[in-house]
1. With the cut-off at 1.5 for a/c, could you classify the range 50-132 from its C-alpha gyration tensor as rounded, prolate or oblate?
2. Summing +1 for each Lys or Arg and -1 for each Asp or Glu, what net charge is found among the other residues whose Cβ lies under 10 Å from the Cβ of Val120?
3. At each listed q (0.14 Å⁻¹), what is the log10 of I(q)/I(0) that the Debye formula gives for the chain modelled as equal alpha-carbon point scatterers?
4. Over the chain, what is the mean sequence separation of C-alpha contacts under 8 Å (at least six apart), divided by residue count, expressed as relative contact order in percent?
5. Which net charge results for the neighbourhood of Arg132, defined as the other residues with beta-carbon distances under 12 angstrom from its beta-carbon, given Lys and Arg at +1 and Asp and Glu at -1?
6. Using just the C-alpha positions of the range 1-157 as equal point scatterers, what log10 of I(q)/I(0) does the Debye formula give at each q in 0.11, 0.13, 0.15, 0.19 1/Å?
7. With everything on Cα atoms, drop me the angle between helix 211-221 and the longest principal axis of the chain, reported from 0 to 90° to the nearest 10.
8. What is the Cα centroid distance between the range 133-194 and the range 222-254, reported in whole angstrom?
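Nothing in this text is a laboratory measurement; each read-out follows from the coordinates by a stated rule. For clarity, every value in this text was computed on a predicted model and none was experimentally measured. Counting neighbours? That spans all protein chains shown, and the Cβs are built from the backbone with ideal geometry, glycine included.
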Amino acid sequence: MSFDPEAVRAFEHGRWQRAASVYGSTFAGATRPFIDALLDAAHVGRGTRLLDIACGPGFVASNASMRGAMATGVDFSPAMLAVARGRDGTIRFDEGDAEALPYADGEFDAVASNFGIHHVPRPALSLAEANRVLRGGGRVAFSFWADPGENVAWKLLFDAIARHGDPAASQAPAPGGGFDSAARCADALREVGFAECTTALVRATWHHADAGRLVAALQAGTARMAAMIEAQPPAVMSAIIADIEANAACYRGTDGIAVPIAAIIASGIKR
């Protein structure tokens with residue numbers, strides 16, 4: 001399958017438009033635990049002019065605002081922006097393309113993106129744009145999911161589909177390129193001109209009542225994983241969920257399962 005950036009953009013746009021209304025109650029439970037580490041990596045504090053790229057419902061911008069930062073969010077999904085504006089009317093949220101940001105050179109002190117850069121058709125263009133809108137000495141930080149070996153929630157799903165379904169059944173377009181390791185995250189920053197590029201592995205847990213709720217959250221609040229889940233024949237879904245339930249038994253407590261998740265946070269400084 002050849003890479004078509006417009007096909008990727010249309011796929012991602014449609015998926016996030018659909019997920020917007022339920023994202024906060026589904027997949028945000030997995031992404032929000034990493035926000036403070038992301039903002040720390042970007043050195044966001046009182047007075048920082050922050051741009052939150054691929055802001056979605058605006059959680060990063062809101063957390064930055066609570067630190068005293070002057071936050072702006074940008075996203076290509078009107079539905080996500082409507083949720084963000086409804087949550088916090090004090091923050092500016094703009095519709096825009098991460099590959100062509102609607103801001104002046106050097107307008108921000110910090111740029112952050114929480115699990116957004118890898119959804120852009122051409123991540124390198126987005127990182128180059130982050131560099132452009134930063135002032136000299138400004139900081140960038142983005143988060144990316146760590147290897148499935150570190151992300152038990154993902155591994156449980158991928159392994160169950162491999163045993164009972166078809167991991168290749170999704171008709172999602174080929175991505176333009178992501179980050180398959182922490183080293184690749186740092187390299188991507190260096191390639192567009194950032195200096196002092198570092199990465200950190202941050203761990204958290206994601207709580208669900210059972211395997212069915214975990215799968216439902218992934219299906220409702222993600223893009224490519226949702227497409228993979230939806231592509232499985234209905235006849236095998238019960239086996240997939242049962243497989244996850246069995247293999248998540250060691251993470252079960254009195255109130256459900258607490259599944260380990262992990263992210264890489266990459267950061268750099270504009271020269």
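1. Working: a/c = 1.80, a/b = 1.28, b/c = 1.40.
Because a/c hits 1.5 or more and a/b fails to exceed b/c, the range 50-132 counts as oblate.
2. Numbers: positive: Arg9, Arg122; negative: Glu12, Asp97, Glu99, Glu129.
My count for the surroundings of Val120 gives -2.
3. Debye intensities relative to I(0), on a log10 scale: -0.97.
4. Working: 564 pairs, mean separation 64.7, N = 271.
About 24 percent, as a whole number.
5. Working: positive: Arg135, Lys270; negative: Glu99, Asp105, Glu107, Glu129.
That sum, taken over residues with Cβ under 12 Å, equals -2.
6. Debye output, listed in q order: -0.41, -0.57, -0.77, -1.24.
7. That helix lies at roughly 40 degrees to the long axis.
8. 20 Å
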